1. Looking only at region 1-14, count how many residues are part of a loop (DSSP other than H, G, I, E, B) and open to solvent by 30 Å² or more (accessible area, probe 1.4 Å).
2. Quick check on region 72-123: of everything there that is among the aromatic types (Phe, Trp, Tyr) and within 14 Å of the chain's Cα centre (by Cα), which residue is nearest to residue 148 (Cα to Cα)?
3. For region 15-112, give me every one of the strands (runs of 3 or more DSSP E) that falls completely inside it and has 2 or more residues that are in contact (Cβ under 8 Å) with a residue 60 or more places away in the chain.
4. Mind listing just one residue for me: the one in region 75-124 that is of a type in the set (Phe, Trp, Tyr) and open to solvent by less than 20 Å² (accessible area, probe 1.4 Å) and, of those, farthest from residue 5 (Cα to Cα)?
5. For region 124-159, how many residues meet the condition of being farther than 20 Å from residue 35 by Cα and assigned to a helix (DSSP H, G or I)?
6. Which one of 72, 60 is buried (at least 17 other Cβ atoms within 10 Å of the Cβ), at pLDDT 95 or above and out of contact with any strand residue (DSSP E or B) (no Cβ under 6 Å at 6 or more places or on another chain)?
Amino acid sequence: MQNKLHFMCGKMAAGKSTLSTKISNENNAIFLSEDELLKKLYPDEIKNIEDYIKYSKRLKDTMYEFIVELLKKGNEVVLDFPANTVAQRQWFKDIFETANVEHIMYYVKRSDDVCKEQLKKRNENLPKDAPLIDEATFDAITKYFQEPKEDEGFNIKYE
């Protein structure tokens with residue numbers, strides 16, 4: 001096993017979580033999901049994009065040193081956290097550079113139409129107490145998405 005950081009870029013409902021789980025299982029890697037951690041740490045507190053930004057930053061600030069330490073100790077880590085903007089990607093870059101480890105950013109590239117179709121399917125299979133994410137929410141979040149560029153300095157694997 002090689003200590004390596006795996007992380008995801010792609011629009012909402014593109015398939016990032018599914019791919020993260022698959023990579024984690026295939027590599028016997030430590031798997032951390034932002035959605036799951038936020039849900040457990042801040043239940044019922046994330047009601048809009050501003051809440052998400054606030055709690056996501058708090059989570060990332062808390063997890064940063066822990067993830068670096070896991071990597072430095074030889075662990076392979078899969079982060080199911082979005083790397084969907086230049087600013088978000090900087091957090092991942094800081095981690096792998098500080099830990100001095102290899103990385104792969106998986107870009108799960110899907111059209112808006114494919115993502116919206118997958119979002120509908122996801123909503124149909126959610127537990128009854130889980131919030132639905134509608135197309136308006138998808139559009140509001142997707143307007144912030146920034147495609148990764150080769151000159152950002154990431155090892156990008158296109159999915």
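1. If we filter region 1-14 for residues that are part of a loop (DSSP other than H, G, I, E, B), which is where we start, we get 1-3, 10-14.
So of that shortlist, the ones also open to solvent by 30 Å² or more (accessible area, probe 1.4 Å) come out as 1-3, 11-12.
Looking only at that region, the number is 5.
2. Taking region 72-123 as the starting set, the residues that turn out to be among the aromatic types (Phe, Trp, Tyr) are 81, 91-92, 96, 106-107.
From what's left, within 14 Å of the chain's Cα centre (by Cα): 81, 91-92, 106-107.
Numbers: 81: 15, 91: 14, 92: 13, 106: 10, 107: 8 Å.
Looking at residues that are among the aromatic types (Phe, Trp, Tyr) and within 14 Å of the chain's Cα centre (by Cα), I get 107.
3. Values: elements: 30-33, 77-82, 102-107.
Because the criterion is at least 2 residues that are in contact (Cβ under 8 Å) with a residue 60 or more places away in the chain, the strands (runs of 3 or more DSSP E) in region 15-112 that meet it are 77-82, 102-107.
4. Filtering region 75-124 for residues of a type in the set (Phe, Trp, Tyr) gives 81, 91-92, 96, 106-107.
Those left that are additionally open to solvent by less than 20 Å² (accessible area, probe 1.4 Å): 81, 92, 96, 106-107.
Working: 81: 12, 92: 9, 96: 7, 106: 11, 107: 14 Å.
Applying the filter and picking the extreme gives 107.
5. Going through region 124-159 one residue at a time, the tally reaches 3.
6. Working: 72 fails: buried (at least 17 other Cβ atoms within 10 Å of the Cβ).
Exactly one of 72, 60 is buried (at least 17 other Cβ atoms within 10 Å of the Cβ), at pLDDT 95 or above and out of contact with any strand residue (DSSP E or B) (no Cβ under 6 Å at 6 or more places or on another chain), namely 60.
The values are calculated or read from the model by the stated rules, or taken from the named source; none is laboratory data. All values derive from a computational prediction rather than experimental measurement. With ideal geometry, Cβ positions are generated from the backbone for all residues, glycine too; neighbour counts draw on all protein chains shown. Note: accessible area is taken over every heavy atom of the protein model, side chains too, but ligands, DNA and RNA are not part of it. Shrake-Rupley method; radii C 1.70, N 1.55, O 1.52, S 1.80 Å.
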